[in-house]
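So the structure is just underneath, and the comments pick up after that.
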Ligand SMILES: Nc1nc2c(ncn2[C@@H]2O[C@H](COP(=O)(O)OP(=O)(O)OP(=O)(O)O)[C@@H](O)[C@H]2O)c(=O)[nH]1
Ligand SMILES: [Mg+2]
């Protein structure tokens, strides 16, 4: 048993210290009011409280939250050498997992600050580790799971690529590669990259054919960056590529939305029309027949309101071919992105744009959604600046993002 004495200005503060050092399982042995504290950083001559607390297990002197969670976990899992090996029994791994669970609970109860801050990321990391151990102990029981595959598996989960996809990829690699190749880190990585690349569909930039006009409509949930993306593309095509570009908005619900596009059209020097019915859109598209590129902005639609999506569909069913680009923000939760792709999937989507990469630390959602929707990715946007914060999506860029190569982080 370890016994420690704490003095603080209030009981609340003292208990925080106890929790910080000894965790939530500490027992309060006694409390009393004290006066005239002189310790550095304390409360001068005011009275305070003294708490004696104890914990009845062999306690590591560095508290859970002074070390990083992952370090703590690494220390704890060291008896099984980091990763379970062939010789490790299921019971041993189960024991390790229950130990991890206990530490997480203990650490998570420590303080409110920890819950809100960096500990969240650490807990997430722990979850991936635990998933990995569990997977090792259950599914991958046909012999030892090779180390390099394990590293990549873990790396992909950290990037939020869904477990189903990660498993499929690593299982395929394990089947395809000989034991020798599986022992070669570079080879395993190369093979993984070619597998991801094989399943990635890319649309390339908006492709213009001389003498023909191209109409592209941008749809998606509210606030994902549709109008900003249109402004970036309009500026690129009009100013850099010297193409004849026109803008149309069918977002007539909000005056501010029309104004937003008007500002961009004025700056770039492009014609803009606002329409409020499919018939009106038809007339405007006919009027802009001499343009190389017509970009149509739509009001953000909730994926939860099918009638709103049907309304857009009604607008975009035109006698002219209209390409539809679904805009999604990488900052949305995976669950919401799936709902977006499902609901907007009622429209004949031609391409996907992922926005706000600069606001995210993980990029696995790109892979998850592209593999699910099976539509090609055209652009990635990486900031609020018009026109520069946009790039044509390439396999190389996506691979480097999802395999977590540090230099690819935008923030
Ligand atoms: N950080 C970041 N912000 C972006 C990006 N693209 C757009 N934004 C910002 O996201 C906010 C919403 O952008 P809009 O272009 O108005 O989004 P929208 O999809 O047109 O919104 P609605 O018309 O309301 O549905 C603005 O503050 C943009 O500056 C991006 O790539 N990165
Ligand atoms: Mg908009």
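The values are calculated or read from the model by the stated rules, or taken from the named source; none is laboratory data. It should be emphasised that the depicted structure is a prediction, and the values quoted were computed from it without experimental measurement. Methodologically, a virtual Cβ is constructed for each residue, glycine included, from the backbone with ideal geometry; neighbour enumeration extends over all protein chains shown.
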Checklist outcome for this item: If we keep only residues of the range 293-308 that are surrounded by fewer than 21 Cβ atoms within 10 Å (Cβ to Cβ) and away from ligand 1 (no atom under 16 Å from the Cβ), then the residue farthest from the chain's Cα centre (by Cα) is 307
Checklist entry - Mind checking whether some residue in the range 196-217 is within 16 Å of ligand 1 (Cβ to nearest atom), at pLDDT 95 or above and surrounded by 14 or more Cβ atoms within 10 Å (Cβ to Cβ)? => result yes
Next on the checklist: Out of everything in the range 363-407 that is out of contact with any helix residue (DSSP H, G or I) (no Cβ under 6 Å at 6 or more places or on another chain) and closer than 13 Å to residue 228 by Cβ, what residue ends up being surrounded by the most Cβ atoms within 10 Å (Cβ to Cβ)?
Outcome noted: 379
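Matching residues to (1) in the same structural domain as residue 347 (by TED's automatic domain parsing); (2) more than 8 Å from ligand 2 (Cβ to nearest atom); (3) part of a helix (DSSP H, G or I); (4) surrounded by fewer than 22 Cβ atoms within 10 Å (Cβ to Cβ):
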{"residue": "229", "(1), (2), (3), (4)": "yes, yes, yes, no"}
{"residue": "235", "(1), (2), (3), (4)": "yes, yes, yes, yes"}
{"residue": "248", "(1), (2), (3), (4)": "yes, yes, no, no"}
{"residue": "253", "(1), (2), (3), (4)": "yes, yes, no, yes"}
{"residue": "258", "(1), (2), (3), (4)": "yes, yes, yes, yes"}
Next on the checklist: Tell me yes or no: at least one residue of the range 232-243 is under 28 Å from the mean Cα position of the chain (by Cα), within 14 Å of ligand 1 (Cβ to nearest atom) and within 27 Å of residue 336 (Cα to Cα).
Outcome noted: yes
Checklist outcome for this item: When the range 271-301 is checked residue by residue, the ones that are within 16 Å of ligand 2 (Cβ to nearest atom), under 16 Å from residue 215 (Cα atoms) and in a loop (DSSP other than H, G, I, E, B) are 275, 298
